[in-house]
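Enquirer: Please read through the structure below; I'll follow up with questions.
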Amino acid sequence: GGHQTKVPITIADFFLFVRTQNAKYNGNGSAGGRRDCAVASLCFFAVKRVSEVLAVRRDQVTKTERGFLVTITRQKNRPDATTAFIPFAENLEFCPGTLLERWITEFDSRGDTNASDHLFCTTRNKAGCRPTRLSASSFRSSVDKVFGNKLISTHSFRKGGCQWLISLGLSRGQVQHIGGWLVSSSMDNQPTHHHVVQKLASTCSRNVFGL
């Protein structure tokens, strides 16, 4: 018994999660699977907690030429909002920005959602009932079904994203900035959001943003 530390997933594990979701229903995937891939993309590539991701509303997501900017308002250790960046990186097996865009397109076309609703919502709703915010336990169930490993949890995506970004050459300070950590060192030494986005985007363009 006792608390067991969750292990980080690798980029290959992330791709396995997406492939598994896509394989359902003759390769077309399910609405819930597409949503869960988008959640996983934010947790891994933006290094966010599941609770922070599930609190995002549709009107807090903006598409840019290089990817999506996502306003994160609910954070564990800081009161201010931060902005997450999900890049378009076509050289990856699965592009993080495309995974998010695929779900946003579906969300916008549903007809029973609006801009102030939680982006990551239930997909199977009783007649006459509007979608509700996806629960962390529902996403955890999807993770458990793929990995079947008690040491891999939803938090493993965030931990894995940290390790992967550092392996690409981002500094620990840049990764802390991306993940929204409050750090004790002088704010003068902290990278600006623009600097981090530029670093992430240039890493994509050098084709090392993958395996």
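The values are calculated or read from the model by the stated rules, or taken from the named source; none is laboratory data. Everything quoted here is computed from the prediction, not taken from an experiment. Here Cβ is always computed from backbone atoms with ideal geometry, including for glycine, and neighbour counts include all displayed protein chains. Surface accessibility is based on the protein's heavy atoms, side chains included, excluding ligands, DNA and RNA. Shrake-Rupley method; radii C 1.70, N 1.55, O 1.52, S 1.80 Å.
Enquirer: Search the structure for amide H atoms under 5 Å from the amide H of ALA84, placed 1.01 Å from N in the peptide plane, and list their residues when 5 or more places away or on another chain.
Expert: When sequence neighbours closer than 5 places are left aside, the close amide H contacts are VAL70, THR71, ILE72.
Enquirer: Let me ask something else. With θ set to phi - 60°, apply the Karplus curve 6.51 cos²θ - 1.76 cosθ + 1.60 along region 7-12 and write out the HN-Hα couplings as whole Hz, x wherever there is a Gly or Pro.
Expert: Once θ is set to phi - 60°, the couplings for region 7-12 become 8, x, 8, 9, 4, 5 Hz.
Enquirer: Residue by residue, what Karplus-based ³J(HN,Hα) values in Hz, rounded to whole numbers, does region 110-122 have, using 6.51, -1.76 and 1.60 with θ = phi - 60° and x for Gly and Pro?
Expert: My calculation for region 110-122 gives 5, x, 10, 10, 9, 5, 8, 6, 4, 5, 9, 10, 5 Hz in order.
Enquirer: To continue, here is another question. In sequence order, what are the phi-derived ³J(HN,Hα) couplings for region 157-174 according to the Karplus relation 6.51 cos²θ - 1.76 cosθ + 1.60 with θ = phi - 60°, rounded to whole Hz, with x for glycine and proline?
Expert: 5, 5, 5, x, x, 4, 5, 5, 4, 5, 5, 7, x, 6, 6, 4, x, 5
Enquirer: How large is the accessible surface of SER116 in square angstrom, using a 1.4 angstrom probe and rounding to the nearest 10?
Expert: Rounded to the nearest 10, that gives 60 Å².
Enquirer: Continuing with the same structure: For region 22-174, what is the accessible area per residue in Å², given a 1.4 Å probe and the full set of protein chains? Write down the numbers at each step before the final one.
Expert: Numbers: 7070 Å² over 153 residues.
Accessible area per residue: 46 Å².
Enquirer: Same structure, new question: Can you give me the long-range amide H partners of CYS121? Hydrogens built in the peptide plane at 1.01 Å from N, cutoff under 5 Å, separation of 5 or more residues or another chain.
Expert: Amide H neighbours of CYS121, under 5 Å, 5+ apart: LEU134.
Enquirer: Let me ask something additional. Roughly how many nanometres apart are two label points built 7 Å out from the Cα toward the Cβ at ALA81 and GLU106?
Expert: So the two model labels end up 2.6 nm from each other.
Enquirer: Rounded to whole Å and sorted largest first, list the principal axis extents of the Cα atoms in region 102-168.
Expert: Per principal axis, max minus min of the Cα coordinates gives 44, 27, 17 Å.
Enquirer: On the full set of protein chains, 1.4 Å probe, figure out the accessible area of GLU52 and give it in Å² to the nearest 10.
Expert: Rounded to the nearest 10, that gives 0 Å².
Enquirer: Same structure again: Tell me the carbon and sulfur percent of the accessible area for region 6-148, rounded to whole percent, probe radius 1.4 Å.
Expert: Working: 3090 of 6490 Å².
Percent of accessible area from carbon and sulfur atoms in region 6-148: 48.
Enquirer: Amide H neighbours of GLY67 under 5 Å, at least 5 residues apart or on other chains, H built in the peptide plane: list them.
Expert: Distant-sequence amide H within range of GLY67: PHE88.
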